[in-house]
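The structure is given below, and queries will be raised subsequently.
The values are calculated or read from the model by the stated rules, or taken from the named source; none is laboratory data. Note that the structure is predicted; figures quoted are calculated from it, not measured. Quick reminder, even Gly has a Cβ in these numbers, built from the backbone with ideal geometry, and neighbours come from all protein chains shown.
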Number of protein chains: 2
Amino acid sequence: MTRPLIPDSLVQEEGGTIALVVMDGVGGLPHPETGRTELETARTPNLDALAEESSLGMLTPVLPGVTPGSGPGHLSLFGYDPLEFLVGRGALSALGVGFELEPGDLAIRLNLATLDGEGRVLDRRAGRPPDSEARAVVERLRTEVTPPKGVELHILHEKEHRAVMVLRGEGLRDDLQDTDPQKEGVAPLPPKAFRTEAEPTQRLLEELLDRIRSVLEDEDTVTGVLARGYALYQGFPSLEERFGLRGVAVARYPMYRGVARLVGMESAGEPDSDAAAVELLGEVFGRYDFHFLHFKAPDARGEDGDFHAKVEAIEAVDALVPEIRASGPDVLLITGDHSTPAALRAHSWHSVPVLLHSAWARPTEGAFSESAARRGDLGTLEAKYLMSLALAHAGRLQKFGA
Amino acid sequence: MTRPLIPDSLVQEEGGTIALVVMDGVGGLPHPETGRTELETARTPNLDALAEESSLGMLTPVLPGVTPGSGPGHLSLFGYDPLEFLVGRGALSALGVGFELEPGDLAIRLNLATLDGEGRVLDRRAGRPPDSEARAVVERLRTEVTPPKGVELHILHEKEHRAVMVLRGEGLRDDLQDTDPQKEGVAPLPPKAFRTEAEPTQRLLEELLDRIRSVLEDEDTVTGVLARGYALYQGFPSLEERFGLRGVAVARYPMYRGVARLVGMESAGEPDSDAAAVELLGEVFGRYDFHFLHFKAPDARGEDGDFHAKVEAIEAVDALVPEIRASGPDVLLITGDHSTPAALRAHSWHSVPVLLHSAWARPTEGAFSESAARRGDLGTLEAKYLMSLALAHAGRLQKFGA
């Protein structure tokens, strides 16, 4: 029995508007020369002015020490315990390429691979083909592979040797063995069912993989595929069902629109710049209760290991803050889904500063930074509790008990 | 179903080395004249220099308000939820005298007691006999009591009137009534089984207690024993099974080597001084992944109620810090298993400062002290999460989700 985030039935249908601004990967580590993190280094006059009227705190994305991927990182911020609401790798891949998963869909990651004449794996990644080449192979599969009876088939290219396949049909299961043997020199494994109930899916996959092999027979490099990361998409309860919130996502990248769609948010569109995203937010603002705005650049520059570029990416978001505020949300949250310190060139487990602006904030001294946020009124809390605070500040939670 | 500390299968087998230094009972309370705790009073230049490059925080040993014994206090620090991994009092007693418990062993605490001619308890503690006298009685029991068929019997003296008895055999149970009536003037209680399955153990204990009574018949003071704290030792999953860590304990006192052994650590030896312990750490360092070093004095002086002596004990540990650092752990943790304020003369529930030193620390201003640690980057967290942080900083945890 999981502990509820909010005691039952406190959620009200009415209340103020909420905007959640995610500066992806915003948390950082100190620069060795200055002792200041990326956020502490950036000149962010707009965020700092906002911080002076806001409650500050630090969010633990999942649990202490646990580094989240983008899926769990965002689900936490949306008020979904990431240890309870698991998103399979295949499902995230499908979301990442913008595919609209429906409950019951089976999503499977595919490696384009090279097999030898006797069907043994020569290269698990087919020499990491360039995207154009890989896309052409995926296009062949898409047009030439007939799906087995009773299922709908979607095959989409991700990047280089990676593709994703989605089966839509009745009674599909995901408890089967990966066909990827994880090493070379051996044949792919059969997609063996782990339980009797999964045997129909096993037969269906065997048939499908046979057809794929036939199509690829005359290819030079990509002569097979390896399947793994089976994920039956179960569907999550929506933001509206759980919190009474009609939600909208404003995000440039499909992965983040996809995660938002997992919890029932609509997508406002596909803006092609951060400025366009903020403009789009202004256009749709108020037609929804909950508005999720995503900025990718701080994470991307952190993963590049470029401290200075990450500082600039943060400053670029700061410049957009006045326009975001102009939409007039009753509750404005600004944070990240995790830290991406340039020093680590990767997502990390470190806590992430959060700013909560509303008429009921308890401001403390200091700018929007790790050092001010850890002295903030919210203390350090698991990210999954942020939604509860947002609902409270929006006047959307009733009193608990009499 | 308990929430996992770390989501499944994130733990990697490879990564950096970890050293956990426990300054037993280090947390304290302010001196009424200065307002400074023992740790804040102590001159600790080495700890303070280390703190400037470390993440600081406060650990709640078990849960707010809960004062831990040494068993739960250390299990938490080793990453074992102390509410889930329970160590019975009898098992702790056996560990405390250096007995190597095996899964299935039944450990029982014994009070040496004085019974009158009619078998009623005259003194539950036999007048607190001096250790030499009590040891002689225990030695008689050890040589003269024949164990019932099918069990192996070990009886060991603890201190004064306290001893511990371990039965080793098949199918032993611990759900039986204590024979200690907790008052004088009445006869000891029978070791009645609480469930049918425990009746064989009941019969075995009755027989054994009869034999003990016969041996003690001609003694003057210790004319009986009272049994309590039955604990069937179940065996815990090891640090290696849970976290992929080969662990070693460097501890002067058997209790702490015993708690470490509970989670599969080896013992590096039996150093006879703190300086010898640190030297031993240096010798074994790197042959293991996880190194636990225990300093007893701050707790002992706290229990004495001697503020000044506890300050000196802390300063003595500080002097050893350079040699500990010289071993070169990738992650160095310094904390206590609980607070032992001199003002309380006992373990307490207060949070305990912790210092985490690694290449990925987020330092804040201030020395190693309660006042600096509560402003630290780690916030206040349950001690059971310290291991997750250590694993993350050692590069031993994979990302959660994509």
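For B:GLY79, which of the numbered conditions (1) touching a residue at least 24 places away in the same chain (Cβ under 8 Å); (2) assigned to a loop (DSSP other than H, G, I, E, B); (3) in contact with a Gly (Cβ under 9 Å, 6 or more places away or on another chain) fails to hold?
Looking at each condition in turn, B:GLY79 falls short on (3).
Now, a different point. Scan region B:146-161 residue by residue and report those that are more than 17 Å from B:ASP105 (Cβ to Cβ) and crowded, with 19+ Cβ neighbours inside 10 Å.
If the condition is that a residue be more than 17 Å from B:ASP105 (Cβ to Cβ) and crowded, with 19+ Cβ neighbours inside 10 Å, then B:HIS157, B:HIS161 are the ones that fit.
A follow-up question, please. Counting just the residues of region B:286-314 that are in a helix (DSSP H, G or I) and surrounded by fewer than 19 Cβ atoms within 10 Å (Cβ to Cβ), which one comes out nearest to the chain's Cα centre (by Cα)?
My answer is B:ALA300.
Determine, yes or no, whether A:PRO103 is more than 30 Å from A:PHE290 (Cα to Cα), more than 10 Å from chain B (Cβ to nearest Cβ) and touching a residue at least 60 places away in the same chain (Cβ under 8 Å).
Here the answer is no, as A:PRO103 does not meet what is asked.
State yes or no: is A:SER371 at pLDDT 95 or above, among the polar types (S, T, N, Q) and either in a strand (DSSP E or B) or within 22 Å of A:ASP299 (Cα to Cα) (or both)?
It is true that A:SER371 is at pLDDT 95 or above, among the polar types (S, T, N, Q) and either in a strand (DSSP E or B) or within 22 Å of A:ASP299 (Cα to Cα) (or both).
Here is a follow-up. Could you grab me the full set of residues in region A:136-179 that are acidic (Asp, Glu), assigned to a strand (DSSP E or B) and without any contact (Cβ under 8 Å) to a residue 40 or more places away in the chain?
A:GLU152
Let me ask something else about it. Against the conditions (1) over 19 Å from the mean Cα position of the chain (by Cα); (2) acidic (Asp, Glu); (3) under 24 Å from A:SER76 (Cβ atoms), where does A:ASP220 fall short? Just the number, please.
Of the numbered conditions (1) over 19 Å from the mean Cα position of the chain (by Cα); (2) acidic (Asp, Glu); (3) under 24 Å from A:SER76 (Cβ atoms), the odd one out for A:ASP220 is (3).
Any chance you could count how many residues in region A:138-179 are more than 24 Å from A:LYS192 (Cα to Cα) and over 27 Å from the mean Cα position of the chain (by Cα)?
3
Given (1) facing chain A (nearest Cβ under 7 Å); (2) out of contact with any His (no Cβ under 6 Å at 6 or more places or on another chain); (3) of a type outside the set (Gly, Ala, Ser), identify the lone condition not met by B:ARG345.
Against the list (1) facing chain A (nearest Cβ under 7 Å); (2) out of contact with any His (no Cβ under 6 Å at 6 or more places or on another chain); (3) of a type outside the set (Gly, Ala, Ser), B:ARG345 comes up short only on (1).
A follow-up question, please. In region B:28-61, which residues are buried (at least 24 other Cβ atoms within 10 Å of the Cβ) and closer than 22 Å to B:TYR256 by Cα?
Scanning region B:28-61 gives B:GLY28, B:LEU59, B:PRO61.
To continue, here is another question. Which ranges mark the helices (runs of 4 or more DSSP H) fully within region A:191-278 that have 3 or more residues being loosely packed, with under 15 Cβ neighbours inside 10 Å?
A:199-216
Taking A:THR67 as meeting all but one of (1) within 30 Å of A:PRO322 (Cβ to Cβ); (2) buried (at least 24 other Cβ atoms within 10 Å of the Cβ); (3) touching a strand residue (DSSP E or B) at 6+ places or on another chain (Cβ under 6 Å), write down the number of the exception.
Answer for A:THR67: the failing condition is (1).
Only one of these is assigned to a loop (DSSP other than H, G, I, E, B), over 30 Å from A:LEU29 (Cβ atoms) and of a type outside the set (D, E, K, R): B:PRO103, B:PRO72. Name it.
B:PRO103 is the lone residue from the list that is assigned to a loop (DSSP other than H, G, I, E, B), over 30 Å from A:LEU29 (Cβ atoms) and of a type outside the set (D, E, K, R).
Among the residues of region A:23-35, how many are over 13 Å from A:SER339 (Cβ atoms) and within 14 Å of the chain's Cα centre (by Cα)?
0
Continuing with the same structure: Only one of A:VAL138, A:VAL121, A:VAL145 is at pLDDT 95 or above, touching a His at 6+ places or on another chain (Cβ under 9 Å) and among the aliphatic types (A, V, I, L, M). Can you tell me which?
Unique residue meeting the criteria: A:VAL138.
If a residue has to be surrounded by fewer than 24 Cβ atoms within 10 Å (Cβ to Cβ) and outside any loop (DSSP other than H, G, I, E, B) to count, how many in region A:337-352 make the cut?
0
Can B:PRO190 be described as more than 15 Å from B:VAL222 (Cα to Cα) and in contact (Cβ under 8 Å) with a residue 24 or more places away in the chain?
Criteria not met by B:PRO190.
If you don't mind, there's one more thing I want to ask. Can you find, within region B:366-383, the residue that is nearest to the chain's Cα centre (by Cα) among those that are facing chain A (nearest Cβ under 9 Å) and among the charged types (D, E, K, R)?
The residue in question is B:GLU382.
Mind counting the residues in region A:225-264 that are touching a residue at least 60 places away in the same chain (Cβ under 8 Å) and on the phi > 0 side of the Ramachandran plot?
Looking only at that region, the number is 3.
What are the residue pairs meeting all of these: first residue in region B:379-402, first residue more than 10 Å from A:VAL66 (Cα to Cα), second residue of a type in the set (Val, Ile, Thr), Cβ atoms under 6 Å, and 6 or more apart or on different chains?
B:GLY379/A:THR380; B:GLU382/B:THR60; B:ALA390/B:ILE18; B:ALA390/B:VAL331; B:HIS393/B:VAL331; B:ALA394/B:ILE18; B:ALA394/B:VAL331
From the set of residues in region A:69-118 that are of a type in the set (D, E, K, R) and in contact with a Phe, Trp or Tyr (Cβ under 9 Å, 6 or more places away or on another chain), which is farthest from A:ALA231 (Cα to Cα)?
Within region A:69-118, the match that is farthest from A:ALA231 (Cα to Cα) is A:GLU102.
Tell me, which residue of region A:384-402 that is of a type in the set (A, V, I, L, M, F, W, C) and part of a loop (DSSP other than H, G, I, E, B) is nearest to the other protein chains (Cβ to nearest Cβ)?
Among those that are of a type in the set (A, V, I, L, M, F, W, C) and part of a loop (DSSP other than H, G, I, E, B), it is A:PHE400.
Only one residue in B:LEU110, B:LEU106, B:LEU115 is over 26 Å from B:SER70 (Cβ atoms), assigned by TED's automatic domain parsing to the domain that holds B:HIS161 and modelled with pLDDT of 90 or more. Which one?
Testing whether each residue is over 26 Å from B:SER70 (Cβ atoms), assigned by TED's automatic domain parsing to the domain that holds B:HIS161 and modelled with pLDDT of 90 or more leaves just B:LEU115.
Something else now. Only one of these conditions is not met by B:GLY69: (1) at pLDDT below 95; (2) touching a Ser or Thr at 6+ places or on another chain (Cβ under 7 Å); (3) more than 14 Å from every other protein chain (Cβ to nearest Cβ). Which number is it?
(2)
Here is a follow-up. Output the residues belonging to region B:172-190 that are surrounded by 18 or more Cβ atoms within 10 Å (Cβ to Cβ) and among the β-branched types (Val, Ile, Thr).
B:THR179, the sole residue that qualifies.
Sticking with this one: Name the single residue that is surrounded by the fewest Cβ atoms within 10 Å (Cβ to Cβ) among those in region B:116-133 being more than 15 Å from B:ASP218 (Cα to Cα) and small (Gly, Ala, Ser).
Out of the qualifying residues, it is B:SER132.
Do we have any residue at all in region A:6-27 that's surrounded by 17 or more Cβ atoms within 10 Å (Cβ to Cβ), at pLDDT below 95 and part of a loop (DSSP other than H, G, I, E, B)?
Within region A:6-27 (the criterion being surrounded by 17 or more Cβ atoms within 10 Å (Cβ to Cβ), at pLDDT below 95 and part of a loop (DSSP other than H, G, I, E, B)), the answer is yes, since at least one residue qualifies.
Could you tell me which of the residues B:LEU63, B:LEU59, B:LEU112 is in contact with an Asp or Glu (Cβ under 9 Å, 6 or more places away or on another chain), of a type outside the set (Val, Ile, Thr), part of a loop (DSSP other than H, G, I, E, B) and over 15 Å from B:GLN234 (Cα atoms)?
Matching residue, one of B:LEU63, B:LEU59, B:LEU112: B:LEU63.
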